[in-house]
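Participant: Take this structure, written in C-alpha cells, and hold onto it; I'll ask about it next.
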Amino acid sequence: MAEQRRSQKPQGGGKPTGRSTGKPAGAAKGKPAGKRTVAQGRPSSAKSSERGQRWTPEAERTSGGGRPERRSGGDRPARQADRPGRKNDWKRPADKQGTRTAEQAVYDGPDLPEGVTGRELDRSVAAQLKGLPEKLAARVARHLAAAGLLVDEDPETAYQHTLAARARAPRLAVVREATGEAAYAAGHYAEALAELRAAKRMNGATAYLPIMADCHRALGKPQEALKLAKSPSVANFAPEAKAEMTIVEAGARRDLGQLDAALRTLELAPLTSKSRASWVVRLRYAYADALEAAGREQDALAWFHRTHAIDSEEITDADRRATLLEKRLG
C-alpha cells in the first residue's frame, strides 16, 4: 500500500489532479531509455545540406517529425490548464451538483446569522479552540456563537449549529458540552445525555450532573437520576448547581410517588436565603408546587407569594399560581 501511494505522488511536488494522464513519468519498463543528446532526433548538417535547407525548430514543428522539443521561450506548447475554458472544469455547475447527503447537511449546518463572528464567545471557550487550525477554529467558533444566540428562542436550530461544530471538532470537550446543552434545550434527552457523558470523560467536569440527572428523568429513569444526585462531588457544588440538583432529586422522588421524600429533600435546601438569585426563585417555586401536590394548599399559597416576591425577572408563573389558589380557597 505504501508503494502504491508513493507511485501516485505527483512528480515535481505539484498537487494531484485526481486523474491520470495515461503517460508514464519515465521510460517504459523493459525499454531502456538510452542516452539522449540535445541534437537527438534532428537531421545531421550533411543531410540538411543535401535537402537544401537548414534545420530550424519551426521546420521540425511543421514537418510532423515527432514531438516538439520543450523550450524555455515563448514557443512552449500550451498546457491543458492554460487553454481557455479548462481552468475550472473540475467544478460542476450548481444546477448539476448532486444532492447533499444527511451527513453532509449536518456538517454544513444551518446558515450562520449575519454579524456572528465567533468573537462573541467567552474567552475560556475561545481558548479551547486555539489548538485547531485557524480557519477551522473560526468556523467552529461561529457555530457555537450562533447556538448561544439562538438556544432560548430557537433551540432546535441552535442544536443543529452545535452538530455542525461537533462534526468539525468532535474531540473538544467544550464542543461536546455545547452540543449536549443545546440538545437538552431542544428536548433531545438521549442525545444530550450521550454528549454530556462524552464531555465529562474528556475533562472530568461534574458541573453537567444536574442536567444529566434531569435527562434520566425525562427518559423515564428516575432511579438513575437519584444515583447522580447522590454523587460525592455534589457536596462541593456552587450554590446554584447544588440547587439545580436538589430540584431534580425532588422531581425524581415525585416521579417515584415519594411525595413526602420530595418535600424533605427541598426543606433541606436554603429556601429562606436572602439572595434573590434565580436559583432561590426556582427552589421556592419547586417547594410550593410540591406542597400543592401534597394537598397543603395554604402552605403552597404562602410559598408561591414568597417566590413571586423575589422573582423580578418573572422566570416562574408563581403570581398566576397564587391567584388560582386564592380563588379556589375563597
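The values are calculated or read from the model by the stated rules, or taken from the named source; none is laboratory data. Only a predicted model underlies this, so the values are computations on that prediction, with no experimental measurement involved. Positions of Cβ are backbone-derived with ideal geometry, glycine not excepted, and every protein chain shown enters the neighbour counts.
Participant: I need a count of the residues in region 146-162 that are buried (at least 23 other Cβ atoms within 10 Å of the Cβ) and not polar (S, T, N, Q).
Facilitator: So the count comes out to 5.
Participant: Sticking with this structure for a sec: Only one of (1) crowded, with 20+ Cβ neighbours inside 10 Å; (2) farther than 19 Å from Ala241 by Cβ; (3) touching a Gly at 6+ places or on another chain (Cβ under 7 Å) is not met by Ala199, so which one is it?
Facilitator: It fails just one condition, (2).
Participant: Under 8 Å between Cβ atoms, at least 6 apart or on separate chains: pull out the pairs that start in region 96-110 with a residue that is under 12 Å from His143 (Cα atoms) and of a type in the set (A, V, I, L, M) and end on any residue that is exposed (fewer than 14 other Cβ atoms within 10 Å of the Cβ) and modelled with pLDDT under 85.
Facilitator: Final answer for the pair search is none.
Participant: Is it the case that some residue within region 170-179 is in contact with a Gly (Cβ under 9 Å, 6 or more places away or on another chain), crowded, with 19+ Cβ neighbours inside 10 Å and of a type outside the set (Gly, Ala, Ser)?
Facilitator: yes
Participant: List pairs: first residue in region 289-309 and modelled with pLDDT of 95 or more, second residue among the hydroxyl-bearing types (Ser, Thr, Tyr) and buried (at least 17 other Cβ atoms within 10 Å of the Cβ) anywhere in the structure, Cβ distance under 7 angstrom, at least six positions apart or on different chains.
Facilitator: So the pair list comes out as Trp303/Tyr287; Thr307/Tyr285; Thr307/Thr316.
To keep it simple, each residue is scored yes or no on (1) surrounded by 17 or more Cβ atoms within 10 Å (Cβ to Cβ); (2) in contact with a Pro (Cβ under 7 Å, 6 or more places away or on another chain); (3) in a helix (DSSP H, G or I); (4) not aliphatic (A, V, I, L, M).
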| site | (1), (2), (3), (4) |
| --- | --- |
| Leu301 | yes, no, yes, no |
| Phe304 | yes, no, yes, yes |
| Ala309 | no, no, yes, no |
| Thr316 | yes, no, no, yes |
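Participant: When only residues in region 122-167 that are of a type in the set (Lys, Arg) and assigned to a helix (DSSP H, G or I) count, which is farthest from Glu195 (Cα to Cα)?
Facilitator: Step by step, filter region 122-167, then rank; the result is Lys135.
Participant: In region 261-279, is there at least one residue being surrounded by 16 or more Cβ atoms within 10 Å (Cβ to Cβ) and more than 25 Å from Tyr208 (Cα to Cα)?
Facilitator: Checking region 261-279: not a single residue is surrounded by 16 or more Cβ atoms within 10 Å (Cβ to Cβ) and more than 25 Å from Tyr208 (Cα to Cα).
Participant: Quick test for you: out of Gly220, Gly187, Gly251, pick the one residue that is part of a loop (DSSP other than H, G, I, E, B), without any contact (Cβ under 8 Å) to a residue 60 or more places away in the chain and over 30 Å from Val140 (Cα atoms).
Facilitator: Gly220
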